[in-house]
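As structure tokens, the structure follows; a few thoughts come after it.
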């Protein structure tokens with residue numbers, strides 16, 4: 001077995017590791033002690049929940065607080081933590097592997113710009129990822145626990161448990177909650193909503209960005225192109241999400257019981273969470289079609305690279321936009337912030353986005369053919385699964401066995417697919433010793 005693993009491609013090892021983790025989680029959740037009732041979970045229910053937790057998605061087919069016992073909740077929490085920290089660590093390590101496969105001059109330039117550690121510093125890198133995760137989770141857990149204990153008549157033990165669970169779920173962009181309505185009851189509570197939203201943002205930026213912010217401070221001039229694109233696009237998407245929800249839901253049914261402050265707070269929260277985490281303070285089954293469409297777009301884009309979030313990643317989206325912008329302007333090269341983007345990075349971005357779009361389209365078609373649900377709800381479910389977001393209009397539990405397995409495949413692909421594909425493409429890059437004659441097809 002060890003020899004087989006050593007011969008595998010790094011991208012294949014990630015897929016194998018996640019598949020093995022899902023199998024272990026499924027076995028644990030299928031135990032009788034994992035459920036609150038007398039009946040044990042079915043294999044499909046255990047598989048779906050294990051995949052959703054390890055892939056930090058948050059989609060559920062059963063009510064988490066009512067169906068699972070404390071043992072089951074702890075298993076889910078453990079899967080979320082492993083899936084979140086594990087993906088950051090593996091993605092960061094793969095970035096180093098890719099850097100070593102590049103030419104010496106390119107590696108020296110990349111290391112000078114990013115201050116990236118060498119492979120011999122793997123222990124330091126892993127320790128940094130773990131400490132960063134635990135730091136953010138501890139701060140968020142403390143704030144949430146104190147708030148739950150002081151304002152919601154919970155015992156100290158219950159408040160601490162719920163604070164830790166939701167802090168871990170938020171930083172890892174999972175979206176699992178211990179209330180049946182997610183966080184709807186806290187829609188007007190700024191302490192809970194803002195804490196969870198900021199924790200989600202922290203996990204969605206990615207370890208490479210935090211490492212650079214730690215080393216170079218809040219001086220954008222010294223940031224690498226990756227950090228500039230990640231921070232800039234993330235901020236822009238938060239503003240777009242906030243403005244869209246506020247505009248389309250201000251007089252809608254979902255915000256009917258909230259005052260002006262509550263509506264602004266809920267709009268901010270829903271402007272943050274749709275890209276990466278499945279928490280919600282508004283009922284998505286009551287949202288307008290316009291809001292659901294904007295949410296589809298945000299979920300598809302996702303979070304930062306080497307982060308706990310999913311989607312095609314904000315840097316991929318930024319590169320696609322820059323490619324179109326350069327083509328419209330007639331410029332021969334794609335550039336941003338005084339840096340030129342190499343052609344192979346552009347091809348990788350297009351490949352990731354295209355494969356993601358095809359996967360979502362095929363899954364949506366299968367789900368439509370398998371059940372009676374309307375297109376907008378099925379599409380929302382498929383994008384949420386691929387983006388490992390976990391938001392739902394409420395149809396997840398109504399899906400057939402086939403529908404649930406389709407979402408399982410989408411969650412797995414969304415968690416392992418985009419960056420493993422990018423790494424595989426980067427590691428397979430080679431120079432041809434010849435070129436074919438050029439011929440231009442008609443475009444448009």
Ranked output for segments 397-404, 196-203, 347-354 by mean other Cβ atoms within 10 Å, highest leading, reads 196-203, 347-354, 397-404
Could you work out the percent of alpha carbon pairs in region 279-430 separated by over 19 Å, rounded to a whole number?
56 percent
I need the semi-axes of the equivalent ellipsoid of region 299-361: take the C-alpha gyration tensor, multiply each eigenvalue by 5, square-root it, list largest first in whole angstrom.
22, 14, 9
By how many nm would the segment from residue 443 to residue 409 lengthen if fully extended, with 0.36 nm per residue of separation less the alpha-carbon distance?
8.8 nm
Just rank 290, 331, 438, fewest to most, by other beta-carbon atoms within 10 angstrom.
438, 331, 290
Inter-site label distance for residue 27 and residue 357 at 7 Å from Cα along Cβ, in nm:
4.2 nm
Over all pairs of different Cα atoms in region 7-427, the reciprocal of the mean inverse distance gives a Kirkwood radius in Å of 21.7 Å
Would you mind ranking 161, 152, 434 so that the residue whose beta carbon has the fewest other beta carbons within 10 Å leads the list?
434, 152, 161
Starting from the Cα of residue 180, step 7 Å along the direction of its Cβ; do the same at residue 402; then give the gap between the two resulting points in nm.
3.1 nm
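Every read-out reported here was derived from the displayed coordinates using simple, explicitly stated rules and does not represent laboratory data. No experiment lies behind these values; they were computed from the predicted model shown. A quick note on method: Cβ atoms are made from the backbone with ideal geometry, for glycine too, and the neighbour counts reach across all protein chains shown.
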